[in-house]
1. Would you please report the Å³ per residue occupied by the convex hull of the alpha carbon atoms in the chain?
2. What are the residues whose amide H is under 5 Å from the amide H of C46, where those residues sit 5 or more places off or on another chain and H is modelled from the backbone?
3. Relative contact order of segment 51-164: what whole-number percent is it, with Cα pairs under 8 angstrom and at least 6 residues apart?
4. Of R60, R128, R292, which has the largest mean-square fluctuation in a 10 Å C-alpha GNM of the chain?
5. To the nearest 0.05, how large is the calculated FRET efficiency for V148 and V320 if R₀ is 56 Å and r is the Cβ-Cβ distance?
6. Please list 3J(HN,Hα) in residue order for segment 41-54, calculated via the Karplus relation 6.51 cos²θ - 1.76 cosθ + 1.60 where θ = phi - 60°; whole Hz, with x for glycine and proline.
7. Would you please state which residues of segment 237-258 a label at D312 would reach in this model, taking the label point 7 Å out along Cα→Cβ and a backbone N cut-off of under 17 Å?
8. Going highest first, how would you order 92-102, 294-304 by mean Cβ packing within 10 Å?
Amino acid sequence: MSKPLLKVEQLTKHYPLATGRLKKTGPVVRAVEDVSFSVAAGETLCIVGESGCGKSTIARLLMRILEPTGGRVLLNGTDIAGLNAQELRTWRRQMQMVFQDPYASLNPRLSAKQIITEPVENFERLSRKQRHALAADLLRKVGMSPEVMHRLPSEFSGGQRQRLGIARALALQPSLIIADEAVSALDVSVQAQILNLLLDLQREMGIAFVFISHDLKVVQHIGHHVAVMYLGRIVELAPCEALFAKPVHPYTEALIAAVPVPDPTRVRLEAPLDGEVPSPIDPPKGCTFHPRCPLAVERCRVDLPPLVPMADGRVVACHVRAPAANIHAFPFVPANSC
Ligand code: SF4
């Protein structure tokens with residue numbers, strides 16, 4: 001087991017809602033609850049789940065764009081919550097983000113060269129020659145010609161703009177990239193090109209990814225481990241192959257069963273997932289999935305299931321499929337410590 005590059009322990013984010021004319025604090029939105037995982041160098045952890053499950057909030061907590069309500073984020077053993085502004089600036093060199101909307105995340109007034117060299121120029125002065133060489137190198141790395149470095153973002157296609165976003169993320173040679181729905185706004189053929197580019201860069205540069213997506217086909221292509229989230233909590237975390245071969249949590253099972261199969265002759269046996277995700281302001285008691293779960297028993301309405309380690313290295317939170325006979329003592333970081 002290699003040492004984790006990123007370790008997340010019991011990460012929690014609540015948003016208090018101000019109510020009434022006096023703006024008193026009222027109910028709380030429980031966006032992320034008690035989330036733990038780790039990622040090793042050169043590996044990809046995918047985080048999946050329906051909209052509103054807390055995936056993107058985790059991305060922002062990892063980047064410290066948001067402050068957590070509780071828990072810790074350790075990068076190479078350093079807790080990022082304890083860093084001052086100067087230390088945080090230096091630390092951000094190690095961790096970069098690629099966003100969902102490649103157009104909105106690029107300054108429309110800057111050329112491709114300015115966009116992709118800007119992160120380095122925030123730290124050091126570059127001569128014209130160095131800036132040109134760096135831009136050319138980064139453009140080549142993401143499969144683009146250096147000749148396009150003077151163009152504006154509006155002169156590129158969606159896929160090319162996402163390549164620019166990736167080039168910008170690579171500029172500081174980070175050890176970890178957080179990709180938040182990085183291919184969901186792209187056509188399927190372009191998605192495949194960008195995913196293959198990320199895999200190539202990972203092989204070549206040993207970058208680790210936290211890849212956030214709602215698309216299970218994409219996750220299956222790129223992930224080493226997959227964390228399935230429901231209403232702010234991880235309900236199953238498993239090696240990618242094992243998860244798709246045999247999902248254990250009923251929610252994971254329903255998500256995988258809902259993936260369209262491009263075969264009109266194949267009969268779908270499993271029922272699709274019914275109902276909506278409950279409100280994170282007032283989540284159901286016990287297992288938060290129980291109002292939608294076909295396997296729910298009385299206990300599910302009362303007790304929150306803990307994450308229980310299984311023999312194949314996955315962890316699952318389900319009273320029926322993973323009875324809590326052998327629970328780790330908390331604080332608990334699942335065995336994807338890769
Ligand atoms: Fe379903 Fe109960 Fe398992 Fe929750 S704990 S997933 S409600 S069977």
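Read the figures in this text as sums done on the coordinates, not as results from a lab. These numbers were taken from a predicted model, which means no experiment stands behind them. Ideal geometry is used to build each Cβ from the backbone, glycine not excepted, and the neighbour counts take in all protein chains shown.
1. Here the figure is 170 Å³ per residue.
2. Amide H neighbours of C46, under 5 Å, 5+ apart: F211, H224, H225, V226, A227.
3. Relative contact order here is 24 percent.
4. R128
5. Rounded to the nearest 0.05, the efficiency is 0.50.
6. Per-residue couplings from phi come out as 4, x, 10, 10, 9, 9, 10, 10, x, 5, 4, x, 7, x Hz.
7. Zone members listed by number: 237-257.
8. 92-102, 294-304
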